[in-house]
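Below: the structure, in structure tokens.
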Amino acid sequence: MNNAPELQITEEPPALFPLDFIRRSADYILSQQLEDGCIPWFSGHYADPWDHVEAAMGLSIAGEYRAAESAYAWLAGIQLQDGSWWAAYKNGQVDNRERRESNFVAYIATGIWHHFLITGDRDFLLRFWPMVKKAIDFVLTLQSEHGEIQWAVNSQGEPLQDALITGCSSIYKSLECAINIAVVLAFPQPDWRRARTMLGKALREKPHRFDRTWESKARFSMDWFYPVLTGVFDGAGARLRLQQKWDEFVVAGLGCRCVNDEPWVTVAESCELTMALLAAGDTARAETIYRGLHRWQDTDGGYWTGYVYRDSAVWPEEKTTWTVGAMLLAADALAGLTPASGLFTQVNLLDSAQDTEGLDHLHHFELTGSQR
């Protein structure tokens, strides 16, 4: 891994992203992907199911369909009988057997739906339907009568009885995607719809059902914007939520802080906030934040994870694949690069097979030299 440079803050570049941004970003993820399809955080590190999917979505945006499908096939090959995955994997082995996290497991539905939106490949959707169904069914075994979903099970498979706002918000979007997959394939799952309704109600109206057994996670910016990013709040409610803690989490000219008590802005959180702003209809601030993020790209196409502005230092000295994936997702949301560009900026819950007629326009998005 390269030593991080001393970075000087410069004026924002005029364009949303450089002309070679997509190609260089995809090449970086490809350079870290293993032969079996696994995408670790970076070379020599572990992979976790959620961040692995985030990086795979970046590959789909760049037209690297085979590599993305290899990433999903890797997850299918290591899925446990109950539909879940362990928290981390490294060198073909389980690296963390302490728990299996519900939002990590559910996120596969988001990735599979995202790839389908771009390619229109129903055979792909059908191929991975068993994986998605098993994963979502596992996650919904952890939903309480109040609507929230427990954050994990331990090594013995026993539910860890508490819920995370960010994790449950991510699951909320994953349930939307899973329901849409089921509609396209004509495999209706009414229980999934009811579960999503209950989860949304809990996130909007039952804050006491979250962070019950540990200190509040409100210091994390994701708890602030994820309910907007994933469609739990929309319209005026979304705009109000983002405005309430704007000064707490956003550093002008730099981006979004990871937590409110550290002088540390992170690229992935800034990308996700960009998409949340778009979802709330605030395009101007979304573009302003995103334009400033390209300063963190290294010469190999990777993006440094974060920047400690108090020390004028890149930290940690890591270029994570999921950060690059987030950059590509935000670029797509801003510039409409693919038919999946609206996935995180609008809710599009299909009701029946008739709703799939609007998907017939799906086409392959190709970049010169991108198919491998």
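Among the residues of the stretch 78-114, those identified as outside any helix (DSSP H, G or I) and either among the aliphatic types (A, V, I, L, M) or in contact with a Lys or Arg (Cβ under 7 Å, 6 or more places away or on another chain) (or both) are Q79, L80, G83, S84, W85, W86, A87, A88, V94.
Listed here are the residues, each with its yes/no results for (1) more than 15 Å from L16 (Cα to Cα); (2) under 18 Å from the mean Cα position of the chain (by Cα); (3) among the hydroxyl-bearing types (S, T, Y).
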{"position": "T266", "(1), (2), (3)": "yes, yes, yes"}
{"position": "M275", "(1), (2), (3)": "no, yes, no"}
{"position": "A279", "(1), (2), (3)": "yes, yes, no"}
{"position": "D282", "(1), (2), (3)": "yes, no, no"}
{"position": "R291", "(1), (2), (3)": "no, no, no"}
{"position": "Q297", "(1), (2), (3)": "no, no, no"}
{"position": "G301", "(1), (2), (3)": "yes, no, no"}
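A single entry from A268, A286, A238 fulfils the requirement of being touching a residue at least 12 places away in the same chain (Cβ under 8 Å) and touching a Leu at 6+ places or on another chain (Cβ under 6 Å): A286. On inspection, E272 qualifies as of a type in the set (D, E) and either surrounded by 14 or more Cβ atoms within 10 Å (Cβ to Cβ) or part of a helix (DSSP H, G or I) (or both). Residue count for the stretch 224-248 satisfying the condition of being surrounded by fewer than 20 Cβ atoms within 10 Å (Cβ to Cβ) and either part of a helix (DSSP H, G or I) or hydrophobic (A, V, I, L, M, F, W, C) (or both): 11.
Yes/no per residue for (1) farther than 17 Å from F187 by Cα; (2) free of Cβ contacts under 8 Å to residues at least 60 places away in the same chain; (3) in contact with a helix residue (DSSP H, G or I) (Cβ under 7 Å, 6 or more places away or on another chain):
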| position | (1), (2), (3) |
| --- | --- |
| A109 | no, no, yes |
| W113 | no, no, yes |
| F116 | no, no, yes |
| T141 | yes, yes, no |
| S144 | yes, no, no |
| E148 | yes, no, yes |
| Q156 | yes, yes, no |
| Q161 | yes, yes, no |
| G167 | yes, no, yes |
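Which count do you get for residues in the stretch 249-269 that are part of a helix (DSSP H, G or I) and within 12 Å of F220 (Cα to Cα)?
If we filter the stretch 249-269 for residues that are part of a helix (DSSP H, G or I), which is where we start, we get 249, 267-269.
After this cut, where a residue has to be within 12 Å of F220 (Cα to Cα) as well, the list is 249, 269.
Result for the stretch 249-269: 2.
Pairs meeting the criteria (first residue in the stretch 70-90 and without any contact (Cβ under 8 Å) to a residue 12 or more places away in the chain, second residue among the hydrophobic types (A, V, I, L, M, F, W, C), beta carbons under 7 Å, at least 6 apart or on different chains) are I78/W85.
Within the stretch 320-334, none of the residues are in contact with a Gly (Cβ under 8 Å, 6 or more places away or on another chain), surrounded by fewer than 20 Cβ atoms within 10 Å (Cβ to Cβ) and either in a loop (DSSP other than H, G, I, E, B) or touching a residue at least 24 places away in the same chain (Cβ under 8 Å) (or both).
Go over the candidates L59, L34, L117, L75 one by one and state the one that is of a type in the set (A, V, I, L, M) and assigned to a loop (DSSP other than H, G, I, E, B). Don't jump to the end; show me each part of the working.
On the way: L59 fails: assigned to a loop (DSSP other than H, G, I, E, B); L117 fails: assigned to a loop (DSSP other than H, G, I, E, B); L75 fails: assigned to a loop (DSSP other than H, G, I, E, B).
Matching residue, one of L59, L34, L117, L75: L34.
Is it true that D123 is farther than 20 Å from W50 by Cα and out of contact with any strand residue (DSSP E or B) (no Cβ under 9 Å at 6 or more places or on another chain)? Answer is yes for this residue. Across the stretch 181-223, the number of residues qualifying as assigned to a loop (DSSP other than H, G, I, E, B) and either acidic (D, E) or surrounded by 13 or more Cβ atoms within 10 Å (Cβ to Cβ) (or both) comes to 10.
Inspect all residues belonging to the stretch 141-162 and state whether any of them is assigned to a helix (DSSP H, G or I) and among the charged types (D, E, K, R). Can you show your working first?
Applying the first criterion (assigned to a helix (DSSP H, G or I)) to the stretch 141-162 yields none.
Looking through the stretch 141-162, none of the residues is assigned to a helix (DSSP H, G or I) and among the charged types (D, E, K, R).
The numbers here are math on the coordinates, done by the rules we state, and not lab data. From a predicted model like this one, the values you see are computed outputs, not experimental measurements. Cβ: placed from backbone, ideal geometry, glycine included. Neighbour counts: every protein chain shown.
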